[in-house]
Protein chains: 2
Amino acid sequence: MSKTTDIPFFDGNVSFNAQHAALGAFFSFTCGHFGTRGGFGLQIGTPGNQDLFIGVKDGDRFSRSPLKVLPFFEGAATDEAARYDVEKKTADAARPMLQVHRRGEIRRQYGLATDRWTTPDFSFALYTPFFPLPEPTPAAGEALRLAILPAIIGELTIDNTAGAGPKTAIFAINFTDRGTRMLDDAGRVVGFALGRSMGVRAIPDPQSSARPLHFMRWTPESGVADPSTHLLGTCPGIGVTVPAGERYTLRLAIGAHLDGVVTTRLEGRYLYTREWPNLEAVLAAAAGRADVLVARARELDAELLASRLSPAQQFILAHAARSYHGSTQLLDVGGEPFWIVNEGEYVMINTLDLSVDQVFWELKHNPWVVRNLLENFVRHYSYVDQVKVPTPEAIERIRSQHVASADVHNTPRTLGTAVPLELFELRDGGISFCHDMGSFNQFSPFGNSSYELSDLVGCFSYMTAEQLCNWILMATCYVAKTGDVDWARRQRHVIDACHRSLQNRCTTGQGEYVGSPGLDSGRCRSGSEITTYDSLDHSLAQTRNNLYMAVKVWASWYGLYRLHEHLGDRAMSERAEVGAAQAARSVTTQLRPDGWIPAVFEPGNPGQQSRILPAIEGLVYVLYCCGCEHRVHRDDWHLNADHASLIAALRTHAATLLGDEQQRNNFADGGLRLSSTSDNSWMSKIALAQHVARRLLRLDEDPQIRERLERADRAHVAWQTEPQGKSGSAYWACSDQIVNGVAAGSKYYPRIVTSVLWMEE
Amino acid sequence: MSKTTDIPFFDGNVSFNAQHAALGAFFSFTCGHFGTRGGFGLQIGTPGNQDLFIGVKDGDRFSRSPLKVLPFFEGAATDEAARYDVEKKTADAARPMLQVHRRGEIRRQYGLATDRWTTPDFSFALYTPFFPLPEPTPAAGEALRLAILPAIIGELTIDNTAGAGPKTAIFAINFTDRGTRMLDDAGRVVGFALGRSMGVRAIPDPQSSARPLHFMRWTPESGVADPSTHLLGTCPGIGVTVPAGERYTLRLAIGAHLDGVVTTRLEGRYLYTREWPNLEAVLAAAAGRADVLVARARELDAELLASRLSPAQQFILAHAARSYHGSTQLLDVGGEPFWIVNEGEYVMINTLDLSVDQVFWELKHNPWVVRNLLENFVRHYSYVDQVKVPTPEAIERIRSQHVASADVHNTPRTLGTAVPLELFELRDGGISFCHDMGSFNQFSPFGNSSYELSDLVGCFSYMTAEQLCNWILMATCYVAKTGDVDWARRQRHVIDACHRSLQNRCTTGQGEYVGSPGLDSGRCRSGSEITTYDSLDHSLAQTRNNLYMAVKVWASWYGLYRLHEHLGDRAMSERAEVGAAQAARSVTTQLRPDGWIPAVFEPGNPGQQSRILPAIEGLVYVLYCCGCEHRVHRDDWHLNADHASLIAALRTHAATLLGDEQQRNNFADGGLRLSSTSDNSWMSKIALAQHVARRLLRLDEDPQIRERLERADRAHVAWQTEPQGKSGSAYWACSDQIVNGVAAGSKYYPRIVTSVLWMEE
């Protein structure tokens, strides 16, 4: 029997899904939201489609007592009645043999790697430990196996020490897809599977002589009570009858296995197939390592509990970690490891503007994957473009473009009319990187993303300048964290090309250098570049003359400066410093007397009215890199007047927004609004802004701001857990894009691991 | 441009699905039913889940003309209005750019291997040729490749010879599953795919200089009009702009490919993967062979048209052939070919009581697969049982069992209370065969089916005696058709074991031999054996004392007689003749003075009231085997008094049923009722009975019976085509189990190829 950890009971709405996931397998076992399906999801970017039945009945398996289960199945109407009635759904009469625990009977502990539900009858936990991921060389051995094992551990605990008779506990899954089978192996294994790809194996309690049993029918209550397994059944299960006087811990290895090539163009297999040939081997490996896996989960739980993070912050990080892991995919492409994070529900492969945000998590846990990403972007998903220098007529037309951007949630918007490509002169641009590498396991044609299109001035246009910054910033962080200067040396030609490319974009085209990108990529054709905030509002839509981009460009110059210094290239580092100073000045000169900086610098642009927190996002890279060197307070860049002024201006800006009497950057619930003019907010980006505000700008030294930030944290937890139903964020297991407190897009999303920065000392 | 074949236009309801399938790939491209989804279905046993858009618009691809398409997508409300309006389904306004052809505008030609829809604007055909399947040896070469190519050919024909401007035709699929991609291959190929498993490639018209185009967005009408392909789209398509004055035939290779092991326990790969490594290779192979494939389809069409079958009969056979092909799966298991027919929507692997019915089709087209089936059943799915000899108390209890079987469609019924196993004495039974080999690609434990369970007296009980007969009858037919006596010699030990097993069952247990199985298998434990008619009614439920089984046992003895004769074993063949004579007498003695034989011989059993057409089913094997030897009218068995009397008695029985004034064996629409006491009827079994009635018993020499049989044929067509909606048989592309004219079970079913017997001379 496992000792209960001291994770406190979650005090919010316990009906929310979590992606209980292994690393690199693009596999989650999602459950927790009441009344909907979940379970195994492989390569789908959504919760699974299975009804889960986890519970206990009095007596042995054949007893006529009802089975009382957790409400993890479709139609489990937990609030209305204790008894579940499917009359409306099937031709059957009520199911008196199946009862469901009411909400009030279920308590939940949600740690970094343990998720446990406790009812009066039993407790059920899912352990999702993660380990440092070594580079997958033959020498990596057991450390690699622990890290990439595509399995998690379940644990059903029945305390029958005070019982007068036996109790029978079950864990059963009713599959919608067909192909159920039992894992009999001549009686040596108790378990079940769906085809070759997903399965569950019982791990008996070594303290007890009671042996697990298995069953399969069309319902759990009929299956457990039937001595014969029907192979046509859809609902296999595992159970155990616990004698009176015993306490039994039934552990479950819950695993996945996909063999063969799973992607197109670049043909990748799951790297775990190097270690385990099939599902049975995965489940055996997990069963044999259950103690190690559970111990690691407790270690991770304890680490988070011991941090200085508030319960609300701990929740966000724990929730984010699971969704991140569920989106990861470690492939073997022709013998080389290929690291992928899929973009949540959109399942785009390695969206670069997510990669740059996830770099903090990855550098903490698995730094080599950042190098792998950087190199794969260079190799297959970089391109060299031209930039568009507008003719006077084009300038005139652009000036008269009408930016119209109401809050339309996640719908692509037109911010203005396109200006024909013929009205521009094309000049050398330089290297940049694709938005992503494809989607849903389909690698896009090399040099192209699945997302970007020409001839648009809104969503789905190119993000050329920002993706260039993203590669530079990831490389900067990688070298800062790992000290891998050798890598920088091997990438010198790319770093230099990035420098030239950034320089070619940060100009008006009339010979003047400017702080932010002044020219759009020729790839846009008649359209214009956008930022990663593609569906927020006008304040963060256009790349040109944008506050957010100016600070990000400043940070990129800072990164190039650092990289050139590492490479001993004084001439280039000086030029980078000049670029940074220009960027800094382009921002500081915009500071308004009332203490904030407009989102878009162009006069007349409605972005002039927008107050944006992402203004300070770019500072995170400086903070991070200096933090890596333990010199956050004495970095020479702070001493340079331009940069000190920039940081001071942004501190003033952030203090104004966070201390605003009208709370224009807060929602009614206290949650943070990225743009004062939008109801759209993204949790991952809020976490970055919060981190900068607290750790670099020290704004939480102001008690009012500190209290507001803490209230915001609590609101952000409610965003993830309160909205119920299949469209609500509680179903969608960590969502990024929230409109007025409800998930509106970017669901089932990995990026919220930006919150790992909160753990930085 | 293809010459239109002379398949007449179908004069019934043209809104019905067909499984456009390749052989051995467990793949169908299903469409034809209006307003529902279809398209690719791989290994699922149901229609696919894609919206198909096939149609034409005036002008080039960018024109503002509406696209007018076939109604092969969800919500295509063809009868209400020409314009399709999705307002109720999505938040969008109407889709004025998408219109749908009304029912009256669509004519359909449904041949054996061509399915063509003709509208005023265009015609669209799907060719599903099939070839003799050689044994898959390396020497099989191109003949094997043609037979197992997992692809079909589509053909979109636009006659713009009289047009004033261009027209643009498209073929697009909106996928529900994600993972769409374009097959660009540097511009040499126009096509699209979903992941690695299914795709479509354009085959340009060699007569024209117009080149096919491709597109992808979220709808076909936006996709075709957009010059940029969005890789995040769900709706890829192929199109062509046909200049005024031209007629264009755009052919499409529509193919599937699943790599790697697809089954469990026995680990099988698709045999086609020996020939083609991936989807692209399959599509290239199909494109290169399009002319051959289309020519073969026309040859098959012509063969059926030239037969003496009525249009209704031709429809049934054409419909059946497609569903059969869609259920077939040719695997490579460890280097050996493994033939599978999946059981329609139930997807049981090689259900033996289907195999025996499909033997006539398979022996005509691909005889070696029957041998493959027989051997695989012996090797992994045979067992040796004991039989249950009832004690006097058991006899008493069985006698008082109350048989209660109302028509409850496909719901398992209890025909009486079980009698405990302790009340029986167990004696040697012998060899028999499992009902099936597993389900949904999961092979069941060797020696066990996925279907059969102990302790039941209704559906899901064992079919031991009948499956024994089935193996014997398949072996008999195989040897009769192929003359492969060598095979029989190698199987002599199995044939002899079958003989002993049949003998051990056809006894009362008191030393008396009886004509039908008198003892149930010990595998039933407290239950009793059932027949393949598991969900019809009491008339065909129990094995003991059953008219249908008695005739089938008679046929099995006849088969054993023939096999023993082939083996030169005179002693055994004489014993088989004795068994046959006993079986024959057990039937003839039951003939009632009013000219029919009760379904169940036990006095007091409600089956006494049932008049069943399957009484004559067993005769089909004698007819078939004699037919193979061209001696149907002079077989010596006809001269033996017992057998001549049996055939005469059954002729009287069938004549009574088919000529019945009250038409108790007809439905109101004239369709045939297998049991006079059931509303449940199975098309595959009707076809067998019709064949025996017409070809052996010559009952259609009676004009009234002939007219009734023809009326029945027409009703049977309506059964398959009239019931609309997702639960109707028109959606389910050939269903077997029909209740009052509506498919109630056994949908998407392969077995209706019993109708191939109608082609026998």
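What to note about this one:
- Counting only protein heavy atoms and using a 1.4 Å probe, the accessible area of B:H538 comes to about 20 Å².
- Cα shape, the range A:703-761, gyration tensor, a/c 1.5 rule: oblate
- Cα centroid separation - the range B:237-295 against the range A:536-600, whole Å: 53 Å
- The residue among B:C625, B:V739, B:T656 whose Cα reaches farthest toward the positive pole of the charge dipole of the range B:622-750, with charges on the beta-carbon of Lys, Arg, Asp and Glu, is B:V739.
- Legend: calculated FRET efficiency, B:T391 to B:D6, from the Cβ-Cβ distance at R0 = 56 Å, rounded to 0.05, equals 0.25.
- Neighbourhood net charge (10 Å Cβ-Cβ; Lys/Arg +1, Asp/Glu -1) for B:V282: -1
- Each copy carries a label point for A:A164 at 7 Å from Cα along the beta-carbon vector; from one copy to the others these points are 9.3 nm apart, nearest first.
- Counting only protein heavy atoms and using a 1.4 Å probe, the accessible area of B:T589 comes to about 100 Å².
- Between this copy and the others, label points of A:S209 are 9.1 nm apart in ascending order, each placed 7 angstrom from Cα in the Cβ direction.
- In this structure the amide hydrogen of A:S610, modeled in the peptide plane, comes within under 5 Å of the amide hydrogens of A:A599, A:V600, none closer than 5 places in sequence on its chain.
- Of the residues B:L271, B:Y248, B:A281, the one whose Cα sits farthest toward the positive end of the charge dipole of the range B:204-288, with +1 on the Cβ of Lys and Arg and -1 on the Cβ of Asp and Glu, is B:L271.
- The stretch between A:A641 and A:D702 holds 19.4 nm of extra length on full extension. This uses 0.36 nm per residue minus the Cα-Cα distance.
- Summed residue charge, Cβ within 15 Å of B:P243's Cβ, Lys/Arg positive, Asp/Glu negative: 0
- Among the listed pairs A:K726/B:K726; B:K167/B:K726; A:K552/A:K726; A:K685/A:K726; A:K68/A:K726; A:K364/A:K685, those beyond 29 Å (Cα-Cα): B:K167/B:K726; A:K552/A:K726
- Whether the range A:408-530 is rounded, prolate or oblate, judged on the alpha carbon gyration tensor where a/c under 1.5 counts as rounded: oblate
- Rounded to whole Hz, the Karplus (6.51, -1.76, 1.60) HN-Hα couplings of the range A:727-742, x for glycine and proline: 9, x, 5, 4, 6, 8, 6, 5, 10, 9, 8, 10, 10, 6, x, 10
- Positive dipole terminus of chain A, leading residue within A:T161, A:F122, A:L473 (C-beta point charges): A:T161
- 7 Å along Cα→Cβ, label-point gaps from B:P703 to other copies, nm, shortest first: 11.1
- Probe 1.4 Å, all protein chains present, accessible-area order of A:E722, B:E701, largest first: B:E701, A:E722
- Angle of helix A:547-566 to the longest C-alpha principal axis of chain A, folded into 0 to 90 degrees and rounded to 10: 90°.
- Cα-based Rg of chain B normalised by 2.2 N^0.38 Å, two decimals: 0.99
- Building the convex hull from the alpha-carbon atoms of the range B:239-376 and averaging its projection over directions returns 11.8 nm².
- Shown here for the range B:237-313: trypsin sites (Lys or Arg not before Pro) in loop regions (DSSP other than H, G, I, E, B) with at most 10 other Cβ atoms within 10 Å, namely B:R308.
- The stretch between B:Q662 and B:E629, if pulled fully straight at 0.36 nm per residue, gains 8.0 nm over its current Cα-Cα span.
- Chain A, closest residue to the rotation axis toward B, by beta-carbon, whole angstrom: A:G260, 2
- In a simple Cβ point-charge model (Lys, Arg +1; Asp, Glu -1; nothing else charged), the range A:225-303 has a dipole of about 120 debye relative to its Cα centre.
- Interface residues, the range B:228-246 - accessible area loss of 50 Å² or more versus chain alone, probe 1.4 Å: B:H230, B:L231, B:L232
- Computed in the context of the full set of protein chains, the accessible area of the range A:498-585 at 1.4 Å probe radius has 43% of its extent on carbon or sulfur.
- Under 19 Å from a label point set 7 Å out along the Cα-to-Cβ vector of A:T482, the amide N atoms of the range A:130-149 belong to A:131-141, A:143-145, A:147-148.
- Note, ³J(HN,Hα) from phi for the range B:355-365, Karplus 6.51, -1.76, 1.60, rounded to Hz, x at Gly and Pro: 3, 5, 7, 7, 4, 5, 5, 5, 5, 6, 9
- Remark: the range A:668-759 carries 26 Å² of accessible area per residue (probe radius 1.4 Å; ligands, DNA and RNA excluded).
- The modelled label-to-label distance for the pair A:R399/B:E135, using points 7 Å beyond Cα in the direction of Cβ, is 8.6 nm.
- Helix axis angle, B:492-505 relative to chain B longest principal axis, alpha carbon, degrees: 60 degrees
- Chain A - charge dipole about Cα centre, Lys and Arg +1 at Cβ, Asp and Glu -1, debye rounded to 20: 920 debye
- Accessible surface buried upon A-B contact (total; probe 1.4 Å; Å², nearest 100): 2500 Å²
- Accessible surface, 1.4 Å probe, highest first, among residues B:D115, B:D569: B:D569, B:D115
- Derived scalar couplings between HN and Hα for the range A:715-720 equal 5, 5, 5, 5, 4, 7 Hz in order, rounded to whole Hz, by the Karplus curve 6.51 cos²θ - 1.76 cosθ + 1.60 (θ = phi - 60°), x for Gly and Pro.
- Maximal additional length on extending the A:L426-A:R211 stretch stands at 70.0 nm, based on 0.36 nm per residue less the C-alpha distance.
- Rough spin-label spacing in nm, given labels placed 7 Å along Cα→Cβ, for A:T176 and B:S310: 4.4 nm
- The accessible-area loss of the range B:176-207 on complex formation, taken against its chain alone with a 1.4 Å probe, reaches 50 Å² or more at B:R178, B:R196.
- Total charge dipole magnitude, the protein assembly as shown, about the Cα centre, Cβ charges on Lys, Arg, Asp, Glu only, Debye to nearest 20: 80 debye
The values are calculated or read from the model by the stated rules, or taken from the named source; none is laboratory data. Keep in mind that what you see is a predicted model, and the values were worked out from it rather than measured. Don't worry about glycine lacking a Cβ; one is built from the backbone with ideal geometry, like all the others, and counts go over all protein chains shown. Accessible surface is based on the protein model in full, side chains and every heavy atom, while ligands, DNA and RNA are left aside. Shrake-Rupley method; radii C 1.70, N 1.55, O 1.52, S 1.80 Å.
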